[in-house]
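Notes follow the structure.
Read the figures in this text as sums done on the coordinates, not as results from a lab. Given the structure is predicted, the values throughout are model-derived calculations rather than measurements. A quick note on method: Cβ atoms are made from the backbone with ideal geometry, for glycine too, and the neighbour counts reach across all protein chains shown.
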Amino acid sequence: MPYIDPSRYISALYVEQQCRDLPYVREIVGRSGLPVVEIEDSAVPCIEGLYPDNLSQGKKHLLLCRNKGRFFKPCPGTREYQCCGYHVLNIGMNCPMDCVYCILQAYLNNPWLSFFVNIEELFGELDAALQAHPERLFRIGTGEFTDSLALDRLTGLSRLLVDYFRDKDNAVIELKTKSDVVDNLMGLDHGGRTIVSWSLNSPPVMRHEEIRTAGLEQRLAAAAKCAEQGYRLAFHFDPIIFHDGWQDGYRQTIRRLFEIVPAEQIVWISLGALRFIPRLKTIAARRFPASRFFYQEFITGLDGKSRYFRDQRVEMYKVIADELHKYAAGRTCIYFCMESDVIWQEVFGFAPGEKGGLDAMLDESVR
């Protein structure tokens, strides 16, 4: 199936009654061109079937609603592995794209997409946090529970975030995506405070395990467009998946990355091998029976997630890290997401604590 803007898969739009008169909601409804179903506050769209069997159908349904919880919070890392001090800005739940390994299948319990429209409260929380701690640097991302840009054609949220962070001296916002939806980012005064990032993988993984996502060339072309606009960039090789020809696959992606994207504009690149909770394997195997990588050999990590054996992770990391270091700029921070000091030492020859901690390393790459 040829790639299209993932927001165009949405066929049904729902709005909570309490949100129907918000100007922002009217903008989204107008851009969508879709018929709107108004539902009672705290009601939910009716999607036939039971979760997770109705997840594929549910991804075509978008609910505009109020976030009743917190927008802004620390990333839910684990104390057993090195965490980077990231903060999450929760803009919605679920994603119109459909990656086989996506953890949201196991974390969520409903099939539709949600986007939070009470953005005055979102920016209010940001104001409170940033003003309370002017001495620290906040690295903030919107891609924890959804893709940062997959719905941006409809929401236009990226433009509001770029404008907000433009003059914030103690924060940067990272917009992380597997799409090529960057039109709203063009022509903006971003002040260097917005980082646009892409998840990358080996070409076979991108083709077969990342459904309805942009291909490698499309993602890198979008990154090049952002680089031309002066945005700083980031890339994430996560999850790294063992498969036939993985060495050549990841090397191919890395070489293509640096052929298209200026190395000096990349602030960080993360590496993380496949890891998952047992429930994800059950759901993904049911939804994607043709995928086989969940049936490889794994060990249970300190966080209770299944991981490749240490020797296998180290082998994959060394191949990928060695290739990255051939091309990356010296100030680009190449780091592990959720790995132990032992792995850091084996692959990089140091542990983050020797350089002030992973959060300090990433802060320095931004400054």
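Worth pointing out:
- Sequence-distant aspartates and glutamates (8 or more away, or on other chains) whose Cα lies within less than 13 Å of residue 326: 259
- Pairs from 176/225; 73/176; 68/305; 60/178; 59/176; 73/178 whose Cα-Cα separation, in the structure shown, is over 21 Å: 68/305; 73/178
- Annotation for the stretch 302-362 versus the stretch 164-182: alpha-carbon center distance of 24 Å.
- Antiparallel %, DSSP beta bridges [both residues in the chain], to 5: 20 percent
- Size descriptor for the chain, Kirkwood hydrodynamic radius: 21.2 Å (Cα pairs only, one decimal).
- Neighbour-count order for 293, 235, fewest beta carbons within 10 angstrom listed first: 293, 235
- When you filter the GluC sites (Glu not before Pro) in the stretch 287-367 for DSSP loop state and at most 10 other Cβ atoms inside 10 Å of their Cβ, you are left with 297.
- In plain terms, the residue of 61, 236 with the fewest other Cβ atoms within 10 Å comes first and the most crowded comes last, giving 236, 61.
- A simple rule links phi to the HN-Hα coupling: the Karplus curve 6.51 cos²θ - 1.76 cosθ + 1.60 with θ = phi - 60°, which for the stretch 156-167 gives x, 5, 4, 5, 5, 5, 4, 5, 5, 7, 3, 10 Hz, with x for Gly and Pro.
- Those aspartates and glutamates that a straight Cα-Cα span of less than 16 Å connects to residue 168, excepting residues fewer than 8 apart in one chain: 125, 127, 135, 189, 363
- Placed amide H near residue 339: partners under 5 Å, 5+ positions off or other chain: 82
- Residue 176 long-range amide H proximity, modeled H, under 5 Å: 142, 143, 148, 197
- Cα centroid of the stretch 91-151 to Cα centroid of the stretch 8-70, whole Å: 16 Å
- For the stretch 189-238 and the stretch 258-286, distance of Cα centres in Å: 12 Å
- Cα convex hull volume per residue for the stretch 172-310 (Å³): 127 Å³
- For the stretch 3-134, DSSP calls about 30 percent of its internal beta bridges antiparallel.
- Charge context of residue 356, other residues only, Cβ under 11 angstrom, K/R +1, D/E -1: -3
- Computed over the stretch 1-143, Cα set: Rg, Dmax in Å: 16.9, 50
- Cα-centred dipole magnitude for the chain, charges only on beta-carbon of K, R (+1) and D, E (-1), debye, nearest 20: 540 debye
- Put in line by how crowded their Cβ is, counting other Cβ atoms within 10 Å and starting with the fewest, 295, 250, 3 read 295, 3, 250.
- Mean separation of Cα pairs under 8 Å and 6 or more residues apart, divided by the residue count, gives the chain a relative contact order of 16 percent.
- Between residue 200 and 236, 237, 238, the built amide H atoms are under 5 Å apart, and every one of these is 5 or more places off in sequence or on another chain.
- Each other residue within a Cβ distance under 11 Å of residue 199 adds +1 if Lys or Arg and -1 if Asp or Glu, for a net charge of 0.
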